[in-house]
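Q: Before anything else, here's the structure in question.
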Amino acid sequence: MSTQLGYSCANMGKSVVWTSFESIMLFYLVSIAGFGPLAAGALLAVTLLWDAAFDLAVARWTDARGGSQGLARLVLFGAPLCGMGFWLIFVLQAPMAVAAAIVACRIGYSLCDVGHNTLLIRVAQRPGDAARVSGLRLLFSASGVALLALASGTSLSLADPQAQRQSLATAAMGGGALYMGTLFVALWATRHLTPPPRAAGRIGAPKPLRDYARNPDFSRLLLVIAVQAAFVPLFQR
């Protein structure tokens, strides 16, 4: 149980960073950081596309060469990159510097996301464990959203824009530290776990991407994901 708790707590830190991009980042860039609406929207759109491509590249690299040490390296490198980048977004003044911090933050997040999510197959190898871990991850994710709501609500209730920025920078420092701390706790909690044995047919180099495009089941899954992703923002608003 302690291993599952340690692993799941990383969802709190991940939720703070992810929900920040989902909820307040566009407002911050336009209203406080001085970006134009088009520039801010384009920057966040580009980072989302980059995120998707980078996730795929990191996942394929991990599948081919990662192993247990590879997953640990992803988190050890990605957590400080994401946490520091997240803080710098709210500290730096120059628009290009802020944009660079956003890119660094998203790269670090992708590295940790692949590493942390892949560890799930070690933590939850039985159906009962999988259900328990899923519930714990949801609980910690909700806690991260609540923390972000409290921090951003307090900061944005200030009247002076400069005071808002300073307050958000302080909160971002705490959020970045929480992200790094919870990811390292998850890494430490799962350090003794071994991956399940790989099937003989899956050993070797990953399939070329074109093979996935030719798979009808995979294509239908992509369609479902695209429809679901399109409806989520609609219902959120």
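The values are calculated or read from the model by the stated rules, or taken from the named source; none is laboratory data. Computed from a predicted structure; not experimentally measured. Positions of Cβ are backbone-derived with ideal geometry, glycine not excepted, and every protein chain shown enters the neighbour counts.
Q: Do the conditions hold for residue 100, that is, is it over 24 Å from residue 50 (Cα atoms) and out of contact with any strand residue (DSSP E or B) (no Cβ under 7 Å at 6 or more places or on another chain)?
A: Details: over 24 Å from residue 50 (Cα atoms): no; out of contact with any strand residue (DSSP E or B) (no Cβ under 7 Å at 6 or more places or on another chain): yes.
So residue 100 fails the test.
Q: Separate question: For segment 3-13, indicate whether the set of residues that are in the same structural domain as residue 110 (by the TED database) and under 17 Å from residue 107 (Cβ atoms) is non-empty. Talk me through it step by step, then tell me what you get.
A: Taking segment 3-13 and keeping what is in the same structural domain as residue 110 (by the TED database), we get 3-13.
Right, trim to under 17 Å from residue 107 (Cβ atoms) and you get 13.
Yes - at least one qualifying residue is present in segment 3-13.
Q: Moving on. Select, from 54, 27, the only residue that is at negative phi and at pLDDT 90 or above.
A: Details: 54 fails: at pLDDT 90 or above.
The match here is 27.
Residue-wise test of (1) in contact (Cβ under 8 Å) with a residue 24 or more places away in the chain; (2) in contact with a Ser or Thr (Cβ under 9 Å, 6 or more places away or on another chain); (3) more than 30 Å from residue 38 (Cβ to Cβ).
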| position | (1), (2), (3) |
| --- | --- |
| 89 | yes, yes, no |
| 95 | yes, no, no |
| 106 | yes, yes, no |
| 143 | yes, yes, yes |
| 179 | yes, no, no |
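Q: Can you confirm whether residue 93 is within 30 Å of residue 2 (Cβ to Cβ) and outside any helix (DSSP H, G or I)?
A: Details: within 30 Å of residue 2 (Cβ to Cβ): no; outside any helix (DSSP H, G or I): yes.
So residue 93 fails the test.
Q: Would you pick out the residues in segment 142-158 that are surrounded by 19 or more Cβ atoms within 10 Å (Cβ to Cβ) and over 12 Å from residue 175 (Cα atoms)?
A: Once the filter is applied, which keeps residues that are surrounded by 19 or more Cβ atoms within 10 Å (Cβ to Cβ) and over 12 Å from residue 175 (Cα atoms), segment 142-158 yields only 155.
Q: Scan segment 144-194 for residues that are at pLDDT 90 or above and among the hydroxyl-bearing types (Ser, Thr, Tyr) and jot them down.
A: 152, 154, 155, 157, 167, 170, 179, 182
Q: Quick check on segment 39-58. Is at least one of its residues crowded, with 18+ Cβ neighbours inside 10 Å, in a helix (DSSP H, G or I) and in contact with a Gly (Cβ under 9 Å, 6 or more places away or on another chain)?
A: Within segment 39-58, one or more residues are crowded, with 18+ Cβ neighbours inside 10 Å, in a helix (DSSP H, G or I) and in contact with a Gly (Cβ under 9 Å, 6 or more places away or on another chain).
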